1. Using θ = phi - 60° and the Karplus curve 6.51 cos²θ - 1.76 cosθ + 1.60, what whole-Hz ³J(HN,Hα) does each residue of the range 211-219 get, with Gly and Pro shown as x?
2. Taking +1 at the Cβ of each Lys and Arg and -1 at the Cβ of each Asp and Glu, which of Ser167, Thr197, Gly229 sits farthest along the dipole of the range 167-246 towards its positive end, judged by Cα position relative to the Cα centre?
3. About the Cα centre of the range 116-234, what is the dipole size in debye to 20, counting +1 per Lys and Arg Cβ and -1 per Asp and Glu Cβ, all else neutral?
4. Please work out whether the range 204-389 counts as rounded, prolate or oblate from its C-alpha gyration tensor, where a ≥ b ≥ c are the square roots of the eigenvalues and a/c under 1.5 means rounded, while otherwise a/b larger than b/c means prolate and anything else oblate?
5. Sorting Arg38, Arg50 on the 10 Å Cβ count, fewest up front, what's the list?
6. Please give the contour-minus-distance gain from Ala166 to Thr213: 0.36 nm per residue of separation, less the Cα-Cα distance, rounded to one decimal in nm.
7. Select from Pro203, Pro150, Pro235 the residue whose mean-square fluctuation is largest in a Gaussian network model of the chain (Cα-Cα springs shorter than 10 Å).
8. Please work out the ratio of the alpha-carbon Rg of the range 63-144 to 2.2 N^0.38 Å and round it to two decimals.
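Please treat every number below as a calculation from the coordinates, not as lab data. Just so we're clear, the structure is a prediction, and the values are computed from it rather than from any experiment. FYI the Cβ positions are ideal-geometry reconstructions off the backbone, even for glycines, and counts take in every protein chain you see.
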Amino acid sequence: MTEPLAEPEGEDGASVLALPWARLRLQRWPRGGPTSLRAFGHGEAALLLRVPARSGPLLLCGDGFGALPLGSAGRTRSLIADRATTRLCMTANAALNPTLPTEPPCVVTTPLNVPTTTATGEPFGGVLLSWPRSHDLGFDQLRRVGAALPPGTPVEVASRAEDWSASVIRRICASLDSAIVHRAERRGRRIEGRLRTATPPTPLRVAGPDGLTLWSWAGVFAHGHLDAGTARLVPNLPTRPPARHILDLGCGNGALGLVAALRQPGATVTFCDDSALAIDAARRGWAANAERLAGRSAAFLHACDLSTVADQSIDLVVCNPPAHVAGAETRAAAAAMFADVERVLHPDGALWLVANGHLDYPERLRQHFARVVVVQADARFVVVRAQGPRQYGVRNRGARRPAPEEG
Ligand SMILES: C[S@@+](CC[C@H](N)C(=O)[O-])C[C@H]1O[C@@H](n2cnc3c(N)ncnc32)[C@H](O)[C@@H]1O
């Protein structure tokens, strides 16, 4: 069998995943990150090589840059993906591979909505689960799939070999029937078994800042606690000037947006995150503190950019930007956020941000904002206020304020 290959190819930084039936070109997102990084994982490659051995429709599970759904193009398949980025990359990378079959389309759902059958009611013949970086999230995913599909459904789980300790392997085996652990091959490792009936996981209730209640799912940033950087920003969140529309960008469990709302009676807060689980956690946080938040309203946006948010429509942005994408440290995600905020921030508005002190974010922010002040700095964190978007006066391109998600 042809070995899956990864090689950066061409100036667009695409990596090549050579499968026996296709030579996939895949790019990472956001652009501008390190080009030496592959746009697929060893676990995904190991799972894709198993596609021909699996009959019937496939239930794929995992986030990435589109390798799983594109590598299995031509098969009936559904994908469970937490990240809006995964959907975006699936489409963008499909365009880089115009010879792949486009039918049948891949149906994409979030971990909170695991399908029990295909869209046409056929049972899934097997599950291919690419193990996430958070082991807790991986076990939750197994439980979600085990709760939705009939017991005995074949399942294959794979990861980069070094990411699984002996105890994680034992726990995965204990969650499946008839588990077989395969030897690590080409840096990927695979466990094969059959689904066991499971109860779906439940979120965790966490004590938040200012006496707020937070909710959290495994896989959401700072699961089960308040991040030290977030805690540093909280006392700085302003009460004045009054903000009509607040954006919690990369909201995670929503801690920053909830505190900002408490300090701004009458505000509408948009909670935006790439992760569907984070958006669900923020939504639960809003509901849990509804009494104290009377008079404010909320919208929830599962997205990896602000393309649906109108120019200059936001008075206050609160943000603890992501430092990693798919496990690799990168400033590209934060850089894309700064450019988006420059566009959506009202000329009199402010962005309040916390970041690790070693990052060059104050300098980067100066490219987008006329007034950037480091309000607090120590060995670990900087708290920054940025005002005066340089795109001041940009024409509204007809975008609209984000509407609350349906359902
Ligand atoms: C450092 S965490 C901060 C979470 C939360 N605000 C807090 O303070 O606990 C960054 C968050 O950004 C989200 N994120 C990553 N890329 C994103 C993007 N392109 N658009 C929106 N959110 C993103 C991640 O899912 C994560 O929840």
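1. Taking θ as phi minus 60°, the curve returns x, 7, 9, 10, 10, 8, 10, 4, x Hz for the range 211-219.
2. Sorting the options by dipole projection puts first Ser167.
3. Once rounded to the nearest 20, the dipole reads 300 debye.
4. Rounded, because the longest to shortest axis ratio a/c is under 1.5.
5. Arg50, Arg38
6. Working: separation 47, 0.36 × 47 = 16.92 nm, distance 3.57 nm.
Residue separation times 0.36 nm, minus the Cα-Cα distance, leaves 13.3 nm.
7. Of Pro203, Pro150, Pro235, the Gaussian network model singles out Pro235 as fluctuating most.
8. Details: Rg = 12.8 Å, N = 82, 2.2 N^0.38 = 11.7 Å.
That works out to 1.09 for the range 63-144.
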